[in-house]
Each structure stands twice: as structure tokens, then as C-alpha cells.
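Have a look at the structure below, then the notes.
The values are calculated or read from the model by the stated rules, or taken from the named source; none is laboratory data. Not measured: the values here are computed from a predicted model. Cβ: placed from backbone, ideal geometry, glycine included. Neighbour counts: every protein chain shown. For accessibility, only protein heavy atoms count, side chains too; no ligands or nucleic acids. Shrake-Rupley method; radii C 1.70, N 1.55, O 1.52, S 1.80 Å.
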Amino acid sequence: MLPHHPPTLRLHTAGEKPLQNRIQELLEQALATLRQRGDLPPEAAAEIQVERPREEGRGDFATNLAMRLAKPAGRAPQEVAREIIETLPEAPEIADVEVAGPGFINFRLAEAVFQAVVGEVLTAGPAFGHSGVGAGTRIQLEFVSANPTGPLHVGHGRGAALGDALARIMTAAGFDVEREYYVNDAGRQMDILVASVMSRYRRHLRLSEKGFSEDDFPERGYQGSYIGEIASCVRESFGNQLDFEPTGLTDPDDPEEAIDLLIRRIREQIGEEHFSEVKGVALRFILEEIRADLDAFGITFDHWTHEREVVAEGAVDRALERLRGSGSLYEAEGATWFRATEFGDEKDRVVLRSDGAATYFANDIAYHGLKYERGFAHLIDVWGADHHGYVPRLKGAVEALGLDPHCLEVLLVQFANLYRGPEKVPMSTRSGQYVTLRELVEEVGRDAARFFYVLRRPDQHMDFDLELAKQDTEDNPVYYIHYAHVRIRSIHAKLSERGEPVPSSKDLAGADTSLLREEKEGRLLRELQRFPETVEGAALAREPHRVARYLQDLATEFHGFYNAHRVLGVEPELQRARLGLVEAVRQVLANGLELLGVAAPERM
RNA sequence: GCCCCGGUAGCUCAGCGGAUAGAGCAACGGCCUCCUAAGCCGUAGGUCGCAGGUUCGAGUCCUGCCCGGGGCGCCA
């Protein structure tokens, strides 16, 4: 018979794998005894690894300890395993221990250990799965940080979904996370943006003129429809006083030279002040769009840093002075270089161009210096994988500033290739040919989009088939999880339909869960027990996909249970226990979805 | 040429040095007088890119090669 009251055991306490730790303790005691008795040489030591066997029927936990000790002990692993088992202290949590295969020790735990998790979940509620492993460490998580030259597209979506889920998961794990967005509003691409807007503006003014040619739009300009909208804004504010004549525009063969020439012409003709004002209009317009798109995607930031402000407050000059002071800069070919090769980079990098302008890299050094000054214990940057070559030089510069490069962690997110059926959708910001994040959310829904993005490992290339997601949304895995949540809600609804009161979580926490003895109930309980360590693992490994996978597994176990057993209409005590079980499942589904920024619907 | 990330079932992908490599789609066969069948059960599907090496044990670690993506600017 199983005990009605579970042994006192700490579950899901801060930053722990309580069951594994308990088994580890018992094993340590056994080893100590064996050493004392001289059955094990004192120098025979091995890390005690307690894992969950992949295969069913091999118990709840297993250790390879005997195999690791076999060599130093000079005996067969199975023999060592038997000795360990014989020496293992009695413990109420352990129902059965056996030697298996090449020398594994398999543990089967008392059902009561898992039955206790229902009460744990219902008592903790939304906090179940939270832990203190992060110990309040201040983390800054910078993600998205898309250039303000156009709307967010589906490529940004992945970094957005990943970064936000990671922020939520790390917060649950006890880290103090600040979400940061860096606005690159100081570089040449902003000038190109102005040139694009002004070209569109000029077209608006002259469209009615005879002989007006439309094909003088710069080849390297940004071409999305939003450029026209910004041009309209500019026209509203300035009328036609910013007209200009792009003479000589078509002369250079090189489109890069052509756009630079155009920028110069516009600057000369409308004046630096107006140029800057147009830039401000464009920037505000686009940032507003980005903010709205992120909002629709369920993402908000705690802090926005503008590159222009970093420059304006003199941080770049200070950072470069500091580098110069430490001998990390030198002059060559008219430019100023950072000795990146001394910090493991492939080549030295320019920080001040021969025309005196600071490079993006220089600004980024200053920006990261400021981040360190803001007092974070750890910085995480989420970047697109195309920036990977940039990592060594930035870490090198941080080190050259006298800061600890280990506090800077860069997560590289691989691209998401978009498909419409079998055809790959070509994407280019400048040509304006892309699917925006907003369009994606409108087409497949916010929950499906976010879940899909976060289902893949960040360093895995992913294919996102729009056609499939649009045509057949039922195939989307998020519905499977949603359905599990809805089914539990509908059990509650049915209960009140029958005129029975729906017990609160608090009531159900006291249910006699020792009645949950069906195989499928045991599987569900084990799945629930795994949630806190899943969250912790996802936080420490920076891998939100673990939470997504976990939710799929939990939903699978729930649906299996639901189809095999009835919750309502069984004996009152069993009904109460099962209501507690499914409510615990619902709570964990809701908690897990919350960590991914996905809703948990009441009905479908 | 050098560097980074991948290559696992027809497709999309999991897999912490461990035992007989998994899931979801797609395919095939079953299951609703009963809490939502957006579900469940079953069948089939694999030389884990190739070749060596380390290990008691390799999809997992090391080396080389092949294929795909990305990066190697006084661009951002």
C-alpha cells in the first residue's frame, strides 16, 4: 500500500532538482560507507550524475556511478552497482532500486513523491516553476534592435520572440532582467533613409509636371510604401520649400557613390537643419511603427538607447580616449585603428575613418561601455547570425577598456527562411520586398507566430512556411496545447452546469492524491514534476525552446489521460483528486505559455 | 582561402558522453448515445552527411572531407 501522506520532501525549491539531489545524497552516503569499510579505495571518486532514463520501464531516475567507479575500483561495474545498492540508506521516497544493463542503477520512486506535486502546483499557482537560481542577478537583455530604416519584418520576429521569451524565463528563474532596445539612428543608413524620403517627396511635388521622370529614384534607396507615407508627413510640415534638383545623379556608375552624391546634393540644397529635421520626422515615424508592431506582438522594452545620444553625450570620445590611453589604438593610412588582433580577432579594425567619422564599431564600443557603467552583472546581446564576425572585435574592445569580456554574452540567432508553399520568399529591406512582422501576425495570429518561432533552437536555421501556417492552422502545435487548456476549463464549466460547486485551487490542494494510481495519472504527475527544472534549464542554457517542447509533452500526456479516464462522475473523492490533477495541469500549461508570451484561452 | 551555424524518418525538428535514437505533420488502419474527435489508440517509416580517432560506451567529443546557409569593408 502506498502511504496516504507523502514523505516530507522539498519540491521545486529554489534552483534545485530536488529528487535528483535527494538520490545524489543517498548515493554519497553509500559511497562514504563503502570507503569506510575499505570496499572502495579512497581515491576512487566520480561525479554523481543522476539522470532521467530516456526509456520507459527503467525507473524514474538512473545513475551511471558504478560504471564510472569500475575502473578506479578495479572491479566489474555490475558488482560495484550491487554493493552500492546494498549500502544505500533506507529512504521512504525510494520504492525500488535495481542494477540494469551494463551497470546502471535504476531508481523507482514512491508514487507519493509525485502525487505531492499536485498540492505544490495548486499552492504556488502562477509562481509554480519559478525559482531563485538567478539570485536577483541584474541582467540586461538587448534584442531586436532593428535599424530604424523600415518596419520590422519576419526576420526580426524570431529575435523578438526569442528575446522576450528568454527575458520571461530568466525572470521566472530569479534573474532581474531589463529589456533593452538599441536604436541605430546615427549612421549613414539614416542619411540614405532621408535621401529615399526626399526622392519620394520630390516626386510628390512634381508628378504633375510634364516630362517628369520617375526613374531617378536612387538604386540604393529604401523603397517600401512607408517611405511615401513619411514623404507625405514631410510635405505636410514643410510644404514644397524642400524641393531640390538632383543634378549629376545618374553620373556615377557605382550606386553607392550615387546615393552618397545624392545625400550631399540634398544636404547642400535644403540645408543641414532641414536635413536633420526630415531625419527626425522619419525616425519618429518608423520608431512609432516598430513600437506598435512589437506591442501587437506582445513585447515591450524597459529601456531604449539611441545611438545619437551615445554620440552626443561624448561617450564615444571618452571610450576612444580610454583605448588610446591603454595603447590599443594606432594611426595608419589616415585612419585610426583598434588593435583587435591582440584580442584574438582576425584583423585590426577601423574606429575613426580617414574623413574623421566614427565607425559603427566605435559607437558600439562606447555603447557597451555605458552598459557596463549601468551596473549590470551580466549583459546579453541577441544578434542575427550574420553579425557573428563582429563578436571577437567587440569582446576585444570591451577587454581593452579594462572590462570583463565574460560578462558580455552574445546569442546568435540563425535566419528564418520564409516560404510560400515550396517557394522561398526573397527578402531585402532596401527593395521593400519582405513580409512584415505585422503581416505575419495578422495572417497566422500572434500566438501561433510566437510559439512557432520559439519552438526551434536559436542556432538552428528554420523554415517558416507561411502557406502552411495560413491554410491549415489546425496543424499548428500551439492549438494542441491550447486545446488541452480549454478542455480542462470545460470540465469546470460542466461541473457547474451539473449544479456542483467548482472547488478552488486551495480546496483541491488538499485532495487525496494517493487515489491517483492509474498509469496515465502517474505519467501526468511525473510530467508536472519536471516543469521547474525545465524552466531553470531553459534559463541557464538560454534555450526557450525547452519550455515549448515541454508544453507539447505535457499536453500529450493530458490528452492521453483525458481520453482514457473520466474526471466527472467517478466516486467523489477520486473526482476531487482528478479535479486537482487537471487543475494542476491547467496551471502549468498557463504558466508555461506565459513564459513564451502565448495566451492560454478559456475556449476555442 | 579562412571563420561561424547546420546536415537525425517523406517534410519540419527534439535529443544533458550512456541502455532498443524520439515528437509533430504527411501515409495507412481503428475509436464519439460519455467532461469539446482542434482529441485518442495502433501500423509503417532511420547505414544519425562520409571516413578515421578518443572512450567500457559516440547522434553527442576530436581530426579530415562532402553538402547547405551565413560572415570575412575606412557598411550598418
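Can you tell me how many residues within region A:265-282 are open to solvent by less than 30 Å² (accessible area, probe 1.4 Å) and either in contact with a strand residue (DSSP E or B) (Cβ under 8 Å, 6 or more places away or on another chain) or of a type in the set (G, A, S) (or both)?
Just the residues of region A:265-282 that are open to solvent by less than 30 Å² (accessible area, probe 1.4 Å), to begin with: A:266, A:270-271, A:275, A:278-282.
Applying the additional criterion that residues be either in contact with a strand residue (DSSP E or B) (Cβ under 8 Å, 6 or more places away or on another chain) or of a type in the set (G, A, S) (or both) yields A:271, A:280, A:282.
Adding up the residues that qualify gives 3.
For beta carbons closer than 7 Å, sequence separation of 6+ or different chains, a first residue in region A:461-482 that is farther than 25 Å from A:R603 by Cβ and a second that is at pLDDT below 75 and surrounded by 14 or more Cβ atoms within 10 Å (Cβ to Cβ), there are no qualifying pairs.
Return the only residue of A:G228, A:G211, A:G239, A:G221 being out of contact with any helix residue (DSSP H, G or I) (no Cβ under 9 Å at 6 or more places or on another chain) and at pLDDT 75 or above.
Values: A:G228 fails: out of contact with any helix residue (DSSP H, G or I) (no Cβ under 9 Å at 6 or more places or on another chain); A:G211 fails: at pLDDT 75 or above; A:G221 fails: out of contact with any helix residue (DSSP H, G or I) (no Cβ under 9 Å at 6 or more places or on another chain).
Only one candidate qualifies: A:G239.
Across region A:541-577, the number of residues qualifying as within 20 Å of A:I481 (Cβ to Cβ) and either among the β-branched types (V, I, T) or more than 8 Å from RNA strand B (Cβ to nearest atom) (or both) comes to 10. Of the residues A:D317, A:D381, A:D386, A:D355, the single one that is within 21 Å of A:G187 (Cβ to Cβ), out of contact with any strand residue (DSSP E or B) (no Cβ under 8 Å at 6 or more places or on another chain) and surrounded by 13 or more Cβ atoms within 10 Å (Cβ to Cβ) is A:D317.
A:V311: outside the structural domain of A:Y390 (by TED's automatic domain parsing) and over 18 Å from A:R393 (Cβ atoms), yes or no? No; evaluated as a whole, the condition is false for this residue. Taking A:V582, is it within 11 Å of RNA strand B (Cβ to nearest atom) and surrounded by fewer than 17 Cβ atoms within 10 Å (Cβ to Cβ)? Judged against the criteria, A:V582 is not a match.
A quick yes/no check of all residues on (1) among the aliphatic types (A, V, I, L, M); (2) crowded, with 19+ Cβ neighbours inside 10 Å:
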site	(1), (2)
A:V441	yes, yes
A:R489	no, no
A:A493	yes, no
A:L515	yes, yes
A:P532	no, yes
A:L551	yes, yes
A:L554	yes, yes
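Can you give me the ranges of the helices (runs of 4 or more DSSP H) entirely in region A:305-373 with at least 2 residues that are within 21 Å of A:C407 (Cβ to Cβ) and more than 16 Å from RNA strand B (Cβ to nearest atom)?
Details: elements: A:307-312, A:315-325, A:360-373.
Where helices (runs of 4 or more DSSP H) fall fully within region A:305-373 and carry at least 2 residues being within 21 Å of A:C407 (Cβ to Cβ) and more than 16 Å from RNA strand B (Cβ to nearest atom), they are A:315-325, A:360-373.
Please indicate, with yes or no, whether at least one residue in region A:539-549 is free of Cβ contacts under 8 Å to residues at least 24 places away in the same chain and within 18 Å of the chain's Cα centre (by Cα). If you could, list the steps in order and put the result at the bottom.
Within region A:539-549, the first condition is being free of Cβ contacts under 8 Å to residues at least 24 places away in the same chain, and the residues that meet it are A:541, A:546.
Subset that is within 18 Å of the chain's Cα centre (by Cα): A:541, A:546.
Yes - at least one qualifying residue is present in region A:539-549.
Among the residues of region A:395-419, the ones that are open to solvent by less than 50 Å² (accessible area, probe 1.4 Å), under 22 Å from the mean Cα position of the chain (by Cα) and of a type in the set (A, V, I, L, M, F, W, C) come to 7 in all. Within the bounds of region A:18-38, is there any residue that is among the hydrophobic types (A, V, I, L, M, F, W, C) and at pLDDT below 90? No, region A:18-38 contains no residue that is among the hydrophobic types (A, V, I, L, M, F, W, C) and at pLDDT below 90. Across region A:465-481, the number of residues qualifying as open to solvent by less than 10 Å² (accessible area, probe 1.4 Å) and either within 8 Å of RNA strand B (Cβ to nearest atom) or modelled with pLDDT of 90 or more (or both) comes to 1.
Checking each residue of region A:304-324 against the condition of being out of contact with any Pro (no Cβ under 6 Å at 6 or more places or on another chain) and under 25 Å from A:A449 (Cα atoms) gives at least one match.
Any idea which residue in region A:85-97 is nearest to the chain's Cα centre (by Cα), counting only those that are within 14 Å of RNA strand B (Cβ to nearest atom) and of a type in the set (V, I, T)?
For region A:85-97, the residue satisfying everything is A:V97.
With respect to the stated conditions, A:V441 is of a type in the set (V, I, T) and in a helix (DSSP H, G or I). If the condition is being touching an Asp or Glu at 6+ places or on another chain (Cβ under 8 Å) and open to solvent by 10 Å² or more (accessible area, probe 1.4 Å), then region A:518-530 contributes A:K520, A:R523, A:R526, A:E527. The number of residues in region A:349-372 that are at pLDDT 95 or above and of a type in the set (D, E) comes to 1.
Run down A:A91, A:A124 and say which single residue is surrounded by fewer than 22 Cβ atoms within 10 Å (Cβ to Cβ), touching a Lys or Arg at 6+ places or on another chain (Cβ under 8 Å) and either under 25 Å from A:G38 (Cα atoms) or at pLDDT 95 or above (or both). Before you say what the answer is, go through the steps one by one.
Values: A:A124 fails: touching a Lys or Arg at 6+ places or on another chain (Cβ under 8 Å).
Selected residue: A:A91, the only one of A:A91, A:A124 that is surrounded by fewer than 22 Cβ atoms within 10 Å (Cβ to Cβ), touching a Lys or Arg at 6+ places or on another chain (Cβ under 8 Å) and either under 25 Å from A:G38 (Cα atoms) or at pLDDT 95 or above (or both).
Among residues of region A:404-416 that are of a type outside the set (A, V, I, L, M, F, W, C), those with a Cβ under 6 angstrom from a residue that is open to solvent by 50 Å² or more (accessible area, probe 1.4 Å) and assigned to a helix (DSSP H, G or I), sequence gap 6+ or separate chain, pair up as A:P405/A:K395; A:P405/A:E399. Scanning region A:290-304 for residues that are in a strand (DSSP E or B) and out of contact with any Phe, Trp or Tyr (no Cβ under 6 Å at 6 or more places or on another chain) turns up just one, A:H303. Counting the residues of region A:42-79 that are within 12 Å of RNA strand B (Cβ to nearest atom), open to solvent by less than 20 Å² (accessible area, probe 1.4 Å) and more than 23 Å from A:G537 (Cα to Cα) gives 3.
Report yes if A:N21 is closer than 30 Å to A:K520 by Cβ, near RNA strand B (Cβ under 10 Å from one of its atoms) and either within 30 Å of the chain's Cα centre (by Cα) or surrounded by 18 or more Cβ atoms within 10 Å (Cβ to Cβ) (or both), otherwise no. Working first, answer last.
Values: closer than 30 Å to A:K520 by Cβ: yes; near RNA strand B (Cβ under 10 Å from one of its atoms): no; either within 30 Å of the chain's Cα centre (by Cα) or surrounded by 18 or more Cβ atoms within 10 Å (Cβ to Cβ) (or both): yes.
So A:N21 fails the test.
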